[in-house]
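A short write-up of the structure that comes next.
The values are calculated or read from the model by the stated rules, or taken from the named source; none is laboratory data. Bear in mind the structure is a predicted one, so any value in this text is a computation, not a measurement. We place every Cβ from the backbone using ideal geometry, glycine too, and count neighbours over all the protein chains shown. Just the protein is used for accessible areas: all its heavy atoms, side chains included, with ligands, DNA and RNA removed. Shrake-Rupley method; radii C 1.70, N 1.55, O 1.52, S 1.80 Å.
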Amino acid sequence: MCQVNVLEAKTNFSKLIAMLERGEEEEVIVARAGKPIAKMTLYEEPKSFDKIFGIAKGKFTLPDDIDECNDEIARMFGVID
């Protein structure tokens, strides 16, 4: 981790980005008057939900009576008394 002031970050922005890309630094802290105000890190792609939903498709089967009302469960949710 390295810390730079705002002016230095502005002046050397491309160099700081290159340091992150090469793995020389994990993060760069930008400070104003010695007080950290921002952190630069490499961007990570957000996880795709396309890979999460449907991940168990074909791994198990539901019973035929899955849609039938179970009185005990219906009472738990206040659907019936």
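Taking the range 1-76 as the region of interest, the strands (runs of 3 or more DSSP E) fully inside it that hold 1 or more residues being free of Cβ contacts under 8 Å to residues at least 24 places away in the same chain are 35-41.
Every residue, every condition in (1) among the charged types (D, E, K, R); (2) surrounded by fewer than 10 Cβ atoms within 10 Å (Cβ to Cβ), yes or no:
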site	(1), (2)
19	no, no
31	no, no
39	yes, no
43	no, yes
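Restricting the range 51-70 to residues that are open to solvent by 100 Å² or more (accessible area, probe 1.4 Å) and among the acidic types (Asp, Glu) leaves a set whose member that is farthest from residue 81 (Cα to Cα) is 64.
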